[in-house]
Amino acid sequence: MTNRHRPAVVFDLDGTLADTAEDIRRALNRALAADDLPSLDLESVRLMIGGGPTLLVVRALRKLGVEAGQYRIDRLTRSFYDEYLRQEDTDSTLFDGAKSCLERLRRAGTRIGLCSNKPDELCRKLVSELGVSSYFDAIQGSCTGLPRKPDPAPLLKTIERLGATPAATLYVGDSETDVVTARAAGVAVVLVSYGYTDRPAAELGADRVYHSLADITGPAPVAKSA
């Protein structure tokens, strides 16, 4: 078997591998407070996560009923980014089964990647603080020059860096964005049932839905769940 045909599994980060909502909420609320805006509760923020910092800010302002121009959005986005980078991820934790899943895939010789709309620097900081950075053969967060999901480019870039092919790859996510991304990339996709989405994962069109990452064994073809 050549490296080009080695199986690969690529994970989303927030809402899939790690529960990060509380740390994101703390950083977002500090950025809002600095702009004389009220705080948001955890459940509201949980449903805003998934499109990167700018979309998080836009969703937050919409929730607060605040109309803002691009300059204010950009300023709040920079403020959130700085706050999030500065703080320690004290309340972020791996979901149950995440580490055992990574360990099992590594023992099986599966290439492991991460593809997230979270800025690349923040992805690397988080997986390091969670103690799992060594499991990943490629980490691809959002960065200049690469569109965000649901554009397939970041996922395809991750697969290329893994030395794999779309046909030999499984993408694991938690949202409709992840399903659309994988379909556009020609990659099989499964979702976790506990992610950051206001619609049940079973309604989002994935090949299968899992209740725990511990149940994922690799990128073998999966049957679509009922």
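Computed quantities for the displayed model
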read-out: Cβ-based charge dipole, the stretch 89-226, positive-most Cα from THR93, TYR171, VAL127; value: TYR171
read-out: Chain lengthening between GLU129 and THR93 when straightened (0.36 nm per residue, less Cα-Cα); value: 12.0 nm
read-out: Rough spin-label spacing in nm, given labels placed 7 Å along Cα→Cβ, for LYS63 and LEU146; value: 2.7 nm
read-out: 222 nm mean residue ellipticity, helices alone, for the chain (DSSP H n ≥ 4; -39,500 (n - 2.57); rounded to 500); value: -12000 deg cm²/dmol
read-out: For q = 0.24 Å⁻¹, Debye-computed log10 I/I(0) when each Cα of the stretch 31-120 counts as one equal scatterer; value: -1.34
read-out: Proxy reagent accessibility, fewest Cβ within 10 Å first, across VAL132, VAL45; value: VAL132, VAL45
read-out: Sorted peptide list for 12-19, 176-183, 69-76, 191-198, criterion being average Cβ within 10 angstrom, highest first; value: 12-19, 176-183, 191-198, 69-76
read-out: Centre separation in Å (Cα based) which lies between the stretch 178-206 and the stretch 43-79; value: 23 Å
read-out: Listed residue (LEU146, VAL180, ILE159) projecting farthest to the positive dipole end of the stretch 132-217, Cβ model; value: LEU146
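We did not get these values from a lab; they are worked out from the coordinates using the rules stated. If you're wondering where the values come from, they're calculated on a predicted model, not measured in any experiment. Note: ideal-geometry Cβ built from the backbone for every residue, glycine included; neighbour counts use all protein chains shown.
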